[in-house]
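Novice: Have a look at the structure that comes next, please.
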Amino acid sequence: MGLSALCIKRPVFAIVLSLLVMLIGLVAYERLTIREYPEI
């Protein structure tokens with residue numbers, strides 16, 4: 001069973017997985033230092 005079939009059969013799993021990915025992204029964004037921002 002692929003990930004897409006699993007998410008269709010269990011929508012709560014898909015929601016939790018999406019929230020987890022967003023949380024990891026927010027934590028990674030907050031940990032960026034100023035020198036890693038691109039020059040404008």
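Novice: Could we say that SER18 is among the polar types (S, T, N, Q) and loosely packed, with under 10 Cβ neighbours inside 10 Å here? Talk me through it step by step, then tell me what you get.
Specialist: Numbers: among the polar types (S, T, N, Q): yes; loosely packed, with under 10 Cβ neighbours inside 10 Å: no.
In short, no.
Novice: In this structure, does LEU32 turn out to be part of a helix (DSSP H, G or I) and among the aliphatic types (A, V, I, L, M)?
Specialist: Values: part of a helix (DSSP H, G or I): no; among the aliphatic types (A, V, I, L, M): yes.
When the stated conditions are applied, LEU32 does not pass them.
Novice: How about the chain: which of its residues are of a type in the set (S, T, N, Q) and more than 19 Å from the chain's Cα centre (by Cα)?
Specialist: Result: THR33, single match.
Novice: Please go through region 1-15 and give me each residue that is outside any helix (DSSP H, G or I) and surrounded by 11 or more Cβ atoms within 10 Å (Cβ to Cβ), ordered by number.
Specialist: Of region 1-15, the ones outside any helix (DSSP H, G or I) are 1-2, 10.
Scanning region 1-15 gives a single hit, ARG10.
Computed from the coordinates by the stated procedures, all read-outs in this text should not be read as laboratory data. What you see is a predicted model, and the numbers here were worked out from it, not measured in a lab. Counting neighbours? That spans all protein chains shown, and the Cβs are built from the backbone with ideal geometry, glycine included.
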